[in-house]
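The values are calculated or read from the model by the stated rules, or taken from the named source; none is laboratory data. Quick caveat: nothing in here was measured; it's all calculated off a predicted structure. Positions of Cβ are backbone-derived with ideal geometry, glycine not excepted, and every protein chain shown enters the neighbour counts. Surface accessibility is based on the protein's heavy atoms, side chains included, excluding ligands, DNA and RNA. Shrake-Rupley method; radii C 1.70, N 1.55, O 1.52, S 1.80 Å.
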Amino acid sequence: MTVHELSRADARRIAVRAQLLDGAPRPDGLLDVVRRLTLLQIDPTAAVAPSADLVAWSRLGSSGYSPADLTDALADRTLLELRAMIRPAEDLALYRAEMAEWPQRGTPSSWREYHGMWVAANDACRLDILDRLGAAGPLPSRELPDTCALPWRSSGWSNNRNVTKLLELMVQRGEVAVAGRGGGDRLWDLAERVYPDTPAVPVAQALRIRDERRLRALGIARARGPECQVEPADVGEAGEPAVVEGVRGRWRVDPAQLGQPFAGRAALLSPFDRLIHDRRRTTELFGFDYQLEMYKPAAGRRWGYFALPILYGDRLVGKLDATADRKAGVLRVDAIHEDEEFGDGVREEVGREIEDLARGLDLELARPE
């Protein structure tokens, strides 16, 4: 098979176009966006807006998207929450068989083996949770019994959070699901009451389809990458082989993206946007230096607590440090960091995007004095 030879500009344009961030006509609403991207990642940080809202807005604009659209789609279960990702309800068929086999799948790993052992050790608690949800669900985790015989041990925030961790693993088993949210808390219920009754796609076929869809959403990606517990960044044998000028190693490219015209635009991205989520790919293709700095002390931040990467055409050109002050009713622009000096055209287009972000958040725009 031919190995496609791409310049970095070619690769960047493929990635931008695949992520619906080019100058083509906007997608046809939220469901179209999620189907084409395959997911929206859930992160509740709302220094500007929750990540799922930012990703949807950046593709649709304030005239095409409102946060109420996402609330309604989750309520009527056109979209579903699965392992901190929002996915089209019909895609659940691609996960059912894997759920039924949990945890005996894929390459053995220490974390997968520990998960299986820990759930088995707490089988009585698992059954207690299923009984409680069957009788009274949907319920928040704090209203479910913690009868775990073996506590969950972690060096992070989840240490000893037995019920929360067990529920998350029961999601992977296909036994429980997030039925909604109340006051910011996830509401849990039996999966059979939440998920559509669609037949499972066999595991090998489902994994192949998921790789193909992921490549269509990314445009270009590595065939293999580090193991991820939720959403991989690699695509297996999907697509066709490619090399990128000046970048080591082989890639896989969506052949439908090759040779297509490109028109760019300005866009403000969530720090969790899939265009930049794989930081290695972002560095290799875009030469973009970025870290989410919300966990750093204020004095050590270069760009801000929740800086939004700025896309212009096929280049990542800067970061927007902004804060949504909802009590004051303003979107406060604290700084615009230019990785390369903006020309008048870039500055004008980025400014319009900032204005549209404020409009989408229903806030007045407060620029730095």
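Using a 1.4 Å probe on the protein chains only, how many percent of the accessible area of segment 14-62 belongs to carbon and sulfur?
51
Of all trypsin sites (Lys or Arg not before Pro) in segment 247-345, which ones are in loop regions per DSSP and have a Cβ with at most 11 other Cβ atoms within 10 Å?
ARG248, LYS327
Tell me, what % of the accessible area of segment 127-238 is carbon and sulfur with a 1.4 angstrom probe?
Whole-percent figure for carbon plus sulfur exposure: 49.
Using only the alpha-carbon atoms of the chain as identical scatterers, what base-10 log of I(q)/I(0) does the Debye formula give at q = 0.07, 0.13, 0.14, 0.15 Å⁻¹?
Taking Cα atoms of the chain as identical point scatterers yields -0.34, -1.16, -1.31, -1.43.
Under the definition of Cα pairs under 8 Å and six or more residues apart, what whole-number percent is the relative contact order of segment 93-234?
27 percent.
Which loop chymotrypsin sites (Phe, Trp or Tyr not before Pro) in segment 113-178, with loop taken from DSSP, have no more than 10 other Cβ atoms within 10 angstrom of their Cβ?
Qualifying residues, ordered by number: TRP157.
Out of every Cα-Cα pair in segment 247-369, what percent are more than 18 Å apart?
Pairs farther apart than 18 Å: 58 percent.
May I ask you to give the solvent-accessible area per residue for the chain, in square angstrom, as obtained with a 1.4 angstrom probe?
Values: 17420 Å² over 369 residues.
With all protein chains present, the chain gives 47 Å² per residue.
With the radius of gyration and the Kirkwood radius both derived from the Cα set of segment 1-149, what is their ratio Rg to Rh? Spell out each step's value before the answer.
On the way: Rg = 20.3 Å, Rh = 19.0 Å.
With Rg and the Kirkwood Rh in hand, the quotient comes to 1.07.
For the chain, what relative contact order do you get, as a whole percent, if you take Cα pairs closer than 8 Å and at least 6 residues apart?
It rounds to 20 percent for the chain.
Only four residue types carry charge here, +1 at the Cβ of Lys and Arg and -1 at the Cβ of Asp and Glu. Report the dipole size of the chain about the Cα centre in Debye, rounded to the nearest 20.
Charge dipole, the chain, about its Cα centre: 720 debye, nearest 20.
At a threshold of 8 angstrom on Cα-Cα distance, excluding pairs fewer than six apart, so keeping six or more, what relative contact order does segment 169-236 reach in percent?
Reported as a whole number, the value is 19 percent.
For ASN162, what charge total do you get from the other residues with a beta carbon under 15 Å from its beta carbon, if Lys and Arg give +1 and Asp and Glu give -1? Write down the numbers at each step before the final one.
Working: positive: ARG126, ARG132, ARG142, ARG153, ARG161, LYS165; negative: ASP123, ASP128, GLU143, ASP146, GLU168.
Charge balance in the 15 Å sphere: +1.
Given +1 on the Cβ of Lys and Arg, -1 on the Cβ of Asp and Glu, and no further charges, what dipole in debye does segment 248-327 carry about its Cα centre, rounded to the nearest 20?
Numbers: 15 positive and 9 negative charges, 37 e Å.
The dipole magnitude comes to about 180 debye.
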